[in-house]
């Protein structure tokens, strides 16, 4: 049995460069060190305490000498030096490096150094993780480090890293060493650290202690006035500060906006400001952001919608310099219904009802519209976030926040584009096993469909269907099996729902009470069906003059109350084919109500599919003992289309053998590198009279279960185990070698084996 392969964790941004989050939620920038950074290194080392320099260099050294040591590049040895920068102007607050222990060695010495004022903010752990991930990509397998025994902070970083650390103490010095291949423990630590930092960074956004409205206006028609009014009328549980430079009063007067004391500058605000909502014209946004950064504001929500790309880039750079998170620009709504917060920021005039749904919308206009639709359906929210341009805060950030949020039980996403789909895939796989993630995305991109299918995301065709499914997932238990009881007084609508259910693999049994059915008959039949072992129930009612809507609703409520008291926990839905939104409510439990029977059927079918996905084991990725170092050496000296000899050699490093064969079903496995989603695998039947027939499409990395699901159409026609082995080895090749731009394997699948008879690999030029 091959050992398990653990894919390395995926940072939100590039591994070696880009924004990072500190443990306290502040932002900073990570990048490789450059020779021209010497003045920054000298200034950084001068700021350090003598003890910190001694811990790093084992003796007191001049800052200039230490800077030269850190920037020195040893000949014929791999060295990576990373720096973390913050502030305006930027300055180094931490650095870390590894140095290969001799040419060709798989071992390296690692060390890091953190500004005294930034100790305890997770920078040592972050640098160690990044250096380890970079080292593995470059063939390094083991790290060593040497430190003084009294350097407890550095030793604690190694102990908490998730790596299996071995240590040896001699004469007051401690040597630690450990393998740096990703392990379950290391990946768990990485994701925990990232989640803690992300949640901390979003607290000033979703649970601010104080809010300033920059651009608050006296004009009731202006955006600034409306934003201020919405905060106040919805009773935000904290101070609100209007800020408007144009509010300068005449001598002896008090500056006001409306009836509130106003401030001509964010710097003049006396109280705490976690969140600043910027509503100024676009040519004033950068000035406002700079002032907020200098004031120590933790996060910006920029409502302004017409900013140009250069302005947005400068805005983002300003926020990162000052460690602020940025929502928008073009964010039209930000809400938190918690009684301790009651934040209604943006252009919507009132908070939605409190509930278990959290939603992120890339489109502000769409978001504002669906809030009203959800209100009509009786759905409540914990948070609602309009992302706008999402140049910083994204749905990936919010998913991590909502993962452990006790007020959130269901996550809704309206997605127009993906920033980091591979990171989204890891998060959705993990979070989806705790809480459902329900998404709508315009268009029918097959790669996105594969992404959602692999990660358990519930896909809705449109916004109406999203909220139909949300009503089910937010308020009812998941169906444990496929048997559905349907109670109705009209057979036609019932069979529409039955068709929708059976199209998704459920089994529906219809109990037609007839058009003259009374409320008493509904009560008796509902009691019987709810205690008969079904996995779900749908009650349909068409007002035909023999029973009223209120009577039938009360009968169903009574039957449900009795069933719940007897321990029956199946989901129950209703379809009242009448105007309005009549509902059945049992205490805190809301029974979803649908106007049309197909909607009820589709919602229940979506919940069943999600329940089945959650029951499945997550799957594993076998290691197979591949020769990744040799493969990297080969592709490091080649470009473009590989020769036949090099192709066979490369595939051989991953246990894939090209051979002659003439029997079996003709298949083609193609890989295309999508610029956004990474490697995309497509499997197709070939040699057919009417052309190719696609069997499946997946993104990497593939688990053993996902590979078998891709091969399901060939069950009973081919040897699935050997085909699965090929798919998994190709997936591993693609994970180890990002240089591979395209790959195509021609295969013959026989009943007892699979042969690769043709192969082609193309590398980036």
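Taking the criterion of being more than 22 Å from residue 7 (Cβ to Cβ) and touching a helix residue (DSSP H, G or I) at 6+ places or on another chain (Cβ under 6 Å), the residues of region 123-147 that qualify are 124, 147.
Hey, among the residues in region 640-662 that are under 34 Å from the mean Cα position of the chain (by Cα) and not in a strand (DSSP E or B), which one's farthest from residue 623 (Cα to Cα)? Let's see the steps before the verdict.
From region 640-662, those under 34 Å from the mean Cα position of the chain (by Cα) are 640, 650-651, 653-656; that's our starting set.
Of the ones still in play, those that are also not in a strand (DSSP E or B) are 650-651, 653-656.
Details: 650: 17, 651: 15, 653: 13, 654: 10, 655: 11, 656: 14 Å.
Filtering first and then ranking leaves 650.
Here residue 287 clears all of (1) at pLDDT below 95; (2) surrounded by fewer than 21 Cβ atoms within 10 Å (Cβ to Cβ) except the condition numbered (1). Considering region 30-47, the residues that are touching a helix residue (DSSP H, G or I) at 6+ places or on another chain (Cβ under 6 Å) and surrounded by 15 or more Cβ atoms within 10 Å (Cβ to Cβ) include one that is farthest from residue 297 (Cα to Cα), namely 38.
In region 332-377, counting only strands (runs of 3 or more DSSP E) that sit wholly within it, the ones holding 3 or more residues that are within 22 Å of residue 471 (Cβ to Cβ) and touching a strand residue (DSSP E or B) at 6+ places or on another chain (Cβ under 6 Å) span 333-336, 354-361. For the subset of region 308-322 comprising residues that are at pLDDT 95 or above and in contact with a strand residue (DSSP E or B) (Cβ under 8 Å, 6 or more places away or on another chain), which member is farthest from residue 92 (Cα to Cα)? In this case the residue turns out to be 315. Restricting attention to region 1-28, and to residues there that are surrounded by 20 or more Cβ atoms within 10 Å (Cβ to Cβ) and not in a loop (DSSP other than H, G, I, E, B), which single residue is farthest from the chain's Cα centre (by Cα)? This residue is 28. Picking from residues in region 138-177 that are surrounded by fewer than 14 Cβ atoms within 10 Å (Cβ to Cβ) and within 30 Å of the chain's Cα centre (by Cα), the one that is nearest to residue 634 (Cα to Cα) is 164.
Consider residue 583 carefully, then state whether it is surrounded by 15 or more Cβ atoms within 10 Å (Cβ to Cβ), under 39 Å from the mean Cα position of the chain (by Cα), without any contact (Cβ under 8 Å) to a residue 40 or more places away in the chain and assigned by TED's automatic domain parsing to the domain that holds residue 606. Talk me through it step by step, then tell me what you get.
Values: surrounded by 15 or more Cβ atoms within 10 Å (Cβ to Cβ): yes; under 39 Å from the mean Cα position of the chain (by Cα): yes; without any contact (Cβ under 8 Å) to a residue 40 or more places away in the chain: no; assigned by TED's automatic domain parsing to the domain that holds residue 606: yes.
So residue 583 does not fit the description; no.
Can you find a residue in region 416-424 that is farther than 15 Å from residue 609 by Cβ and buried (at least 23 other Cβ atoms within 10 Å of the Cβ)? Don't jump to the end; show me each part of the working.
Kept after step one, since they are farther than 15 Å from residue 609 by Cβ, are these residues of region 416-424: 416-424.
Now restrict to residues that are buried (at least 23 other Cβ atoms within 10 Å of the Cβ): 424.
Looking for residues that are farther than 15 Å from residue 609 by Cβ and buried (at least 23 other Cβ atoms within 10 Å of the Cβ), one finds at least one in region 416-424, hence yes.
From the list 687, 678, 664, 655, the lone residue that is at positive phi and modelled with pLDDT of 95 or more is 655. Could you go through region 400-414 and let me know if any residue there is at positive phi and outside the structural domain of residue 677 (by TED's automatic domain parsing). No, region 400-414 has no match at all. Every listed requirement among (1) over 29 Å from residue 186 (Cβ atoms); (2) free of Cβ contacts under 8 Å to residues at least 60 places away in the same chain is met by residue 57 save one, (1).
Looking at residue 553, is it farther than 30 Å from residue 362 by Cα and loosely packed, with under 15 Cβ neighbours inside 10 Å? Here the answer is no, as residue 553 does not meet what is asked.
Checked against the criterion of being surrounded by 21 or more Cβ atoms within 10 Å (Cβ to Cβ), closer than 16 Å to residue 394 by Cα and touching a residue at least 40 places away in the same chain (Cβ under 8 Å), the candidates 336, 331 yield just one match: 331.
Using the structure shown, decide if residue 631 is in contact with a helix residue (DSSP H, G or I) (Cβ under 6 Å, 6 or more places away or on another chain) and within 30 Å of residue 465 (Cα to Cα). Give the derivation first.
Working: in contact with a helix residue (DSSP H, G or I) (Cβ under 6 Å, 6 or more places away or on another chain): yes; within 30 Å of residue 465 (Cα to Cα): no.
Spelling it out, it is not the case that residue 631 is in contact with a helix residue (DSSP H, G or I) (Cβ under 6 Å, 6 or more places away or on another chain) and within 30 Å of residue 465 (Cα to Cα).
Count of region 712-723 residues, restricted to those that are under 32 Å from the mean Cα position of the chain (by Cα) and closer than 14 Å to residue 745 by Cβ, is 1.
For region 624-631, check the following and say yes or no: at least one residue is in contact with a strand residue (DSSP E or B) (Cβ under 9 Å, 6 or more places away or on another chain), assigned to a loop (DSSP other than H, G, I, E, B) and closer than 21 Å to residue 754 by Cβ. No - not one qualifying residue is present in region 624-631.
Within region 56-65, the residues that satisfy the criterion of being closer than 20 Å to residue 147 by Cα, in contact with a helix residue (DSSP H, G or I) (Cβ under 7 Å, 6 or more places away or on another chain) and either outside the structural domain of residue 152 (by TED's automatic domain parsing) or part of a helix (DSSP H, G or I) (or both) are 57, 63. The residue of region 241-284 that is surrounded by the fewest Cβ atoms within 10 Å (Cβ to Cβ), among those that are assigned to a helix (DSSP H, G or I) and at pLDDT below 90, is 246.
The values are calculated or read from the model by the stated rules, or taken from the named source; none is laboratory data. None of these values were measured; they are calculated from a predicted model. Here the Cβ is made from the backbone with ideal geometry for all residues, glycine too, and neighbour counts use every protein chain on show.
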